[in-house]
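The values are calculated or read from the model by the stated rules, or taken from the named source; none is laboratory data. Treat the numbers as computed from the prediction; the structure is a model and nothing was measured. A quick note on method: Cβ atoms are made from the backbone with ideal geometry, for glycine too, and the neighbour counts reach across all protein chains shown.
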Amino acid sequence: MAKTKSDSSTPPGRWLFCIASLPTSDPEARMHALRTLEALGAAALRDGVYLLPDSRARRHALKPLADYIAKGGAMVHVVEAEASSAAQEAAFRRLFDRAARYAELIKVIESLRIGFGVSEPGDIARVLNKQRREFDSISALDFFPDEMRDRAAKALG
C-alpha cells in the first residue's frame, strides 16, 4: 500500500477519538464543529464520536477544535488509542476507504474521453479541471491510499 507524505507520521494501529457533546443550543457552533471534523476527514462512529488515524498533525488540528467546543460549554475529549485487534483495525480502516469516490471520478473522466471530438474542447477542459480538484480533495483525506488512487491519478494523466 502506498504511503503519502500526509500519513507518514501515522503510527500503525494508532487512532484518535474525538468524543464530544456538541452544543445543541448553538446550531452555528455545532455546524462549525461538524464541518471542521469533516474537513479533517474524520469518520463518525456514532453521534458525538469521531475517528481519525493518529498523527502529530491531526492531533495538533484537533486541539483548537476541542478548545472551541469546550469554550462553548460542551464536553470534549481527544483520546489516543490502539486498535484492540486486527479485525478492529481493518474495520476502522474501512471507514476511510475512498475507493468509491475514486471510481466515480474515473467514470467521469472516461465519459469525457467518449465525448472528446464531439463536445467543445473548452467544456471538456472545464470538467477535467473540476475532476482534478476533486481528485486533490479526495486524496488529501485518503489516509490509506491504494491502487484506486493510482488508477484515478493515471486516468487524469
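Numbers at a glance
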read-out: Hits in the stretch 12-46 - residues which are at pLDDT below 90 and either in contact with a strand residue (DSSP E or B) (Cβ under 6 Å, 6 or more places away or on another chain) or of a type in the set (Asp, Glu) (or both); value: GLY13, ASP26
read-out: Any hit, the stretch 96-113, residues being surrounded by 12 or more Cβ atoms within 10 Å (Cβ to Cβ), touching a helix residue (DSSP H, G or I) at 6+ places or on another chain (Cβ under 8 Å), modelled with pLDDT under 90 and not basic (Lys, Arg); value: yes
read-out: Elements of type strands (runs of 3 or more DSSP E) in the stretch 16-85, at least 3 residues being surrounded by fewer than 17 Cβ atoms within 10 Å (Cβ to Cβ); value: 43-46, 76-82
read-out: Residue match in the stretch 22-31 (condition: outside the structural domain of SER139 (by TED's automatic domain parsing) and under 30 Å from ALA125 (Cβ atoms)); value: no
read-out: Residue selected from the stretch 114-127 under the condition closer than 18 Å to ALA155 by Cα and of a type in the set (A, V, I, L, M, F, W, C), by the criterion modelled with the highest pLDDT; value: VAL127
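Quick grid of which residues meet (1) outside the structural domain of SER21 (by TED's automatic domain parsing); (2) under 28 Å from PRO27 (Cα atoms); (3) in contact (Cβ under 8 Å) with a residue 12 or more places away in the chain:
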{"site": "LEU51", "(1), (2), (3)": "no, yes, yes"}
{"site": "ALA61", "(1), (2), (3)": "no, yes, yes"}
{"site": "ALA66", "(1), (2), (3)": "no, yes, yes"}
{"site": "ILE69", "(1), (2), (3)": "no, yes, yes"}
{"site": "GLY72", "(1), (2), (3)": "no, yes, yes"}
{"site": "HIS77", "(1), (2), (3)": "no, yes, yes"}
{"site": "LEU105", "(1), (2), (3)": "yes, no, yes"}
{"site": "ALA125", "(1), (2), (3)": "yes, no, no"}
